[in-house]
Structure formats: structure tokens, C-alpha cells
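The values are calculated or read from the model by the stated rules, or taken from the named source; none is laboratory data. Computed from a predicted model, the values in this text were never measured in an experiment. Cβ atoms come from the backbone with ideal geometry, glycine included; neighbour counts cover every protein chain shown. For the accessible areas, the whole protein counts, side chains as well, though only heavy atoms, and no ligand, DNA or RNA atoms are used. Shrake-Rupley method; radii C 1.70, N 1.55, O 1.52, S 1.80 Å.
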Amino acid sequence: MEEKNKSKRNKKLDIFLKVVAFVYVVITIIFYISVVKLNLLPGIYITIFTMAEIFFTLAMVIGLVKEHKTPKLNIICLFIILLLSGVYIFVTNYTLATGNFLDNVFQENAQTEEYYLVVKKDSKYEKIEDIAKQNVYLFQVPNDVQQEVQGKGNISLVVAKNGLTELGKNLINNTVKVIFVSSVQYDILGEEIEKFKDDTKILYTAKHEIKATVKVEDEESKYNIQNGIFNVYISGIDTEGNISNVARSDANIIATINTNTHEVLLTSVPRDYYVTLHSYGAKDKLTHSGIYGINETVKTVEDLMGIDINYYVRVNFTTVRKLVDTLGGVDVYSDYSFTSYTYSYQKGYNHMNGAQALEFSRERYSFADGDNQRVKNQQHVMEAIIKKVLNSNTILTKYTNILNSLEGSFQTNIKQSEISSLVKGQLNNMSSWTIKTNSLTGTGVNNTTYSMGSQLLYTMVPDRTSVSEAKQKIKDIMEK
């Protein structure tokens, strides 16, 4: 009887061990596929990884199911398999999250803009049909958008001659009854005219897709990721919500990267730099170039610096706030003690949440050096985020949350295959990187701008020496 019960127990144990082995093989296959599909490992690493997985999996399975003279070997294999299964599930979760993030980010996203028919809040007009036969005054609205609105009714469109701010004031003063402006122009009017948004309402919204603005790569340029030397334009837009919406470029950084020497140069360009718009040949603030799409900003900076910029990364306010909050805050160095709109900062390191870091990176009025200091503060915030993200504890505990915080508020034209190429190159050569920073400077002067018309606005006239030195520093990195 005892031998019969012993045989029964051994049979149950044998079935259990085989089931464990089968589940382990399934988990291993899923883990292997997720790692290989991510396409971030060099070929030699994949070969070694494949051979190691096959050999080790077979060894563990045989060691688990085979009957040994002592059951200790089965127990040891069982323990190792359970431990590895947990590790594989954990890593698979990371690779799947990374893959989903890359799939969402590295796709062609058109930029869009909304245009509003705006009237006074106390106006009798409630819908677009109510303004038939009325003169509607506009400032820089594309022809196809004008045609869409005209197709909604018998509306006469009149181009304003005195600039955007004057147009908004005319609406508030009842000189005109209806104006037609972009969402960015509407935001600008809200900043320029007190209580403008409180005193107005949007009668109708027309959506417009900006064509051929997200593809800036020049295939003939020798400065690309494949060659290991390239520039990436980082644009921080002054808006929240949908990253595809056009907006002013509030933070402007050229990242010059040389993967051969493992050097990165971050060159910050003040948002109010007085530059010549590439497509219009007219003077404007750099920040306003974003109104016409990321391609306009990139091409304008290429003209200014005499360089090729084939790639861009575009983030907005939502990106910064969500990322910093996801990280549990960051420690940012402040060169000065000052109080901004909402928060106060002390000289030295300040622990900031997302809202504090965002306001810190946007403030300029608290400094005698204005915009010049703002770009330095933006670099301080970037440095703090990079340090926190690269912290091993952060990567282990908050990796998927970090990716989730970036999704939907991060846009780039870099291809996933190019990112894979960069990662593989780094894995093949684990040298440390040298990161340098530089900022363009200038002098504050009031000027008229293309995007705002005749109104005088604060601009920063580029310091020629500063621009020349920045060009040379970029050249030094790219020609090593």
C-alpha cells in the first residue's frame, strides 16, 4: 500500500514539474520575442542572447523534469525557473511598454491649427449663419480656411491692415463685429489685451492641417544618424494638450551629437531672437515661427546658424509637467533667488514639482538678463530631469510611468530604426558621453514683427559675436 501511494505521489509530482516546465518555456519564448522585436540589440548580442537562452532553457527544463538520485536538483531547478520566470515577466512588461511607446511616437503626425470666428460675449450672434452678409476681419488666415468659412454662408472677409493686436482692440471697442483668427493668435490677444478672452466668445471653429511640415530631413545631407554626426532641434511649444497643434516655440535648443567622439553640445536660442523667417523673408521673433509649423522653425534656425538640422523633437507644457510629476519632482539649480507669478525660488538647488519646474523654465522678467537667463534656467531643468531619469532606482520603479507620461505630448520625425541604430551603437561602444552647453545672446529692442503687424514688440537682436562663436562650437563638434 505504501509503495502504491508513493508511486501516486511521484506521478503527481512528475505532472506538476512538466506543467511548470511548459509554462516556463512559454514565458521564455514570449520574453525572447519581445526583446528581439524591440530591435535595440546589436547582431552579435542577439546571437549570444539566442544561444544562451536555448542552452539555458533546455538545461533548466531537463534538470526540472528528469528524475535524479536526489530530489535536491529538481528543487534547485524549480527555484531557478520560478525566479527567472518572474524576471522574464518583469522585463517583458518593460519591452512591451517601450515598443508601444515607440510605435506611437515614431509615426508621421501632421500638424494642425484651429481658426476661430470670434465675437463679443454680449453679441447677438450665436452661430455662423447669424453673420451672413457681415464683414469679417482677419489677419494671416490661409486661403483654404478662408474658403471653408465663406462656404458656410455669404460672408465678406476683409484683411486687417494694422496688425493683430489692433484687430483685437477693434473687436473689444465694437469698431468691428467679427474677427477671424487662429487659436495661437487668439491666445496672443488674450495676453496682449486685458480680459480679452473673458469678453469674447468663439462662434465657429475651422480646423486646418499644415501640410509638408513634419518632414525636415534632407536625404542628401551627410549629417545624419547613419553617419553618427547630426543635429536635433528640440522645440518646447507654449501650449497644453494635443501635441499636433501648432504653437509658438517657447524653448529652442539645438542638440549637436557626434556618436564617434561621444559628445553632445546643447545650444540654446532665445525665444525672442529677431530672425528672418525662412518662407516669408520677413523679420519676426523666433518663437512666432512655430505658428507656421515646426518646419518653418527648423529652416529659420538653419538659415541663422548655417547648419543642417534633419531631425526635431517637439514637446509641450504637458510633457514637462507630467514628466516631472511622474519622477516625483526634480532638484533644479537656480542661479538667483526670485519670485515668479506663483512660486518663489531660492539660489541653489530647489526641489520642484511639474508646475514649479515649468514656471521656472518660462520666467524671464525677474532677471536683468531676461531671455538670456531664461535659456540657462531651461538647461538647468533639462539637466535635472536627465539626472533623475538616469537614476537606476527611477528606471526600475517608474519606467513604464515615464513612458506613459510622455505619450501624446511628444513628437519627432526620427525613425524608430534610427533610434535602434543609436542604441545598438552605444551598446557596441559603452564610452561615456561629454555634454556641453552654450547659449546665444543679444540685446533687447522693440521691433515690429511679421506675425503681429505694426505693433512694437520686445525682441532680442542677435549678438553677432555670440552667433559666430556658437557656429564655431557646433562646427568643432561636427568635424571631429
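What to note about this one:
- Within region 297-332, tally of residues that are open to solvent by 10 Å² or more (accessible area, probe 1.4 Å) and assigned to a helix (DSSP H, G or I): 12
- Exclusive hit being in contact with a helix residue (DSSP H, G or I) (Cβ under 8 Å, 6 or more places away or on another chain) and outside any helix (DSSP H, G or I), set Asn350, Asn377: Asn350
- Test: residue in region 313-320 that is at pLDDT 90 or above and of a type outside the set (D, E, K, R): no
- Filter result for the condition that a residue is surrounded by fewer than 16 Cβ atoms within 10 Å (Cβ to Cβ) and either touching a Pro at 6+ places or on another chain (Cβ under 6 Å) or outside any strand (DSSP E or B) (or both), over Asn170, Asn162, Asn74: Asn162
- The residue list Leu38, Leu13 contains one member that is of a type outside the set (S, T, N, Q), open to solvent by less than 80 Å² (accessible area, probe 1.4 Å) and at pLDDT below 85, which is Leu38.
- Residue that is modelled with the lowest pLDDT, among those in region 127-142 that are assigned to a loop (DSSP other than H, G, I, E, B) and surrounded by fewer than 20 Cβ atoms within 10 Å (Cβ to Cβ): Lys133
- Looking across region 343-376 at every residue that is free of Cβ contacts under 8 Å to residues at least 60 places away in the same chain and of a type in the set (S, T, N, Q), the one that is farthest from Thr239 (Cα to Cα) is identified as Gln346.
- Region 433-466 - residue that is under 16 Å from Asp250 (Cα atoms) and small (Gly, Ala, Ser) and, of those, surrounded by the most Cβ atoms within 10 Å (Cβ to Cβ): Ser451
- Selection count, region 400-432, where residues are among the small types (Gly, Ala, Ser), open to solvent by 50 Å² or more (accessible area, probe 1.4 Å) and part of a helix (DSSP H, G or I): 2
- Applying a threshold of 7 Å to beta carbon distances and a minimum spacing of six or more residues, or different chains, the list of pairs starting in region 93-113 at a residue that is under 21 Å from Ser421 (Cβ atoms) and ending at one that is open to solvent by less than 40 Å² (accessible area, probe 1.4 Å) and at pLDDT below 70 reads Glu108/Val214.
- Residue count, region 29-53 (criterion: assigned to a helix (DSSP H, G or I), under 21 Å from Glu418 (Cβ atoms) and of a type in the set (A, V, I, L, M, F, W, C)): 5
- Of the strands (runs of 3 or more DSSP E) that lie entirely inside region 238-286, those containing 2 or more residues that are β-branched (Val, Ile, Thr) span 249-258, 263-268, 274-276.
- Checked against (1) modelled with pLDDT of 75 or more; (2) under 25 Å from the mean Cα position of the chain (by Cα), Gly453 passes all but condition (2).
- For region 254-296, the candidate set comprises residues that are hydrophobic (A, V, I, L, M, F, W, C) and over 19 Å from the mean Cα position of the chain (by Cα); within that set, the residue that is most open to solvent (accessible area, probe 1.4 Å) is Ala282.
- Selected residue [outside any loop (DSSP other than H, G, I, E, B), out of contact with any Pro (no Cβ under 6 Å at 6 or more places or on another chain) and modelled with pLDDT under 90] from Glu191, Glu220: Glu191
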